[in-house]
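Worksheet: the structure to be examined is printed underneath.
The values are calculated or read from the model by the stated rules, or taken from the named source; none is laboratory data. Model, not experiment: these values are computed from the prediction. Quick reminder, even Gly has a Cβ in these numbers, built from the backbone with ideal geometry, and neighbours come from all protein chains shown. Surface areas here come from the heavy atoms of the whole protein model, side chains and all, with no ligands, DNA or RNA. Shrake-Rupley method; radii C 1.70, N 1.55, O 1.52, S 1.80 Å.
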Amino acid sequence: MELALRVLPMPADANANGDIFGGWIMAQVDLAGSVLPARLAKGRIATVSVNQFVFKQPVSVGDLLSFYARVERVGRTSITVHVEVYAERNPADLRVVKVTEANLTYVAIDGDGKPRVLPGR
Ligand SMILES: CCCCCCCCCCCCCCCC(=O)SCCNC(=O)CCNC(=O)[C@H](O)C(C)(C)COP(=O)(O)OP(=O)(O)OC[C@H]1O[C@@H](n2cnc3c(N)ncnc32)[C@H](O)[C@@H]1OP(=O)(O)O
């Protein structure tokens, strides 16, 4: 898997319990997932589906989040990627835990927002 994004959640991204909002994490996964498809599509892409989002562990302010991605499938106009998210925490006694993973599909689109055949397909 390839490192696509690394980010530190901030207090503004936390909910009333002090854990990071799932929706904020989903937005970061969408961005991280788009990196490999954007390279392959060589142009505009749009997210068409997100499957199997599972939150395994809470994320806290101060965790360093790393988003790893790999291409699962390349179709005629679409690319599906698998993204896994790991949190590094507790610097004094470092722990790395997988916090979530998801499959996302992106479609290459033209200037009118219609599906576009991927380069080389
Ligand atoms: C220099 C580079 C560095 C990189 C640096 C990174 C930069 C990175 C920047 C970009 C960052 C953007 C990342 C955020 C992207 C958004 O946030 S986009 C906003 C949210 N998404 C949208 O608004 C999309 C709305 N949907 C649509 O406009 C249309 O549905 C679409 C996406 C154009 C597709 O059109 P459609 O007519 O529904 O599609 P259709 O012809 O039926 O099928 C097209 C393909 O999609 C597949 N598909 C359709 N529905 C589904 C489904 N439910 N599930 C799975 N696949 C499906 C089909 O199987 C088909 O695949 P192929 O067989 O051709 O491979």
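With Cβ to Cβ distances under 14 Å as the rule, what net charge do the other residues near Phe53 carry (K, R +1; D, E -1)?
Every neighbour counted, the sum reads -1.
Given the options Leu40, Pro58, Pro119, identify the residue whose Cα lies farthest towards the positive end of the charge dipole of the chain (+1 on Cβ of Lys, Arg; -1 on Cβ of Asp, Glu).
Pro119
First select every other residue whose beta carbon is under 14 angstrom from the beta carbon of Ile25; then total the charges, Lys and Arg +1, Asp and Glu -1.
-3
Compute the normalised compactness of the chain: alpha-carbon radius of gyration over 2.2 N^0.38 Å, N being the residue count.
Against the empirical 2.2 N^0.38 Å value, I get 1.15 for the chain.
In a GNM of the chain with a 10 Å cut-off on Cα contacts, which of Leu65, Leu104, Leu40 has the highest mean-square fluctuation?
Maximum fluctuation in the GNM of the chain, among the listed residues, is at Leu40.
Per the helix-only calculation at 222 nm, which mean residue ellipticity applies to the chain, given -39500 (n - 2.57) for every DSSP H run of n ≥ 4 and division by its residues, nearest 500 deg cm²/dmol?
Taken over the chain, the calculation gives -5500 deg cm²/dmol.
With a 10 Å cut-off between alpha carbons and a GNM built on the chain, which of Gly22, Gly75, Gly33 moves the most?
Its mean-square fluctuation being the largest, the pick is Gly75.
Evaluate the charge dipole of the chain about its Cα centre and quote only its size in Debye, nearest 20, assuming +1 on the Cβ of each Lys and Arg and -1 on the Cβ of each Asp and Glu.
Once rounded to the nearest 20, the dipole reads 580 debye.
Taking the Cα atoms only, what angle lies between the long axis of helix 22-41 and the longest principal axis of the chain, rounded to 10 degrees?
Result, in degrees: 40.
Treating the Cα atoms of the range 23-82 as identical point scatterers in vacuum, please give the log10 of the normalised Debye intensity I(q)/I(0) at q = 0.15 Å⁻¹, two decimals.
Those come out to -0.50, one per q.
With every protein chain left in place, what is the accessible area per residue of the range 7-52 in square angstrom, probe 1.4 Å?
For the range 7-52, the solvent-accessible area averages 58 Å² per residue.
Between the alpha-carbon centers of the range 1-52 and the range 57-121, tell me the distance in whole angstrom.
With the range 1-52 and the range 57-121 each reduced to a Cα centre, they are spaced 6 Å.
Quick one: Karplus J couplings for the range 4-9, per residue in order, coefficients 6.51, -1.76, 1.60, θ = phi - 60°, nearest Hz, x for Gly and Pro?
Those phi angles translate into 9, 6, 9, 8, 9, x Hz.
Carbon and sulfur together cover what percent of the accessible area of the chain at a 1.4 Å probe radius?
53
Over the chain, what relative contact order in percent results from Cα pairs under 8 Å that are six or more residues apart?
After rounding, I find 30 percent.
Relative contact order of the range 56-120, please, whole-number percent, based on alpha carbon pairs below 8 angstrom and at least 6 residues apart.
Rounded, it is 30 percent for the range 56-120.
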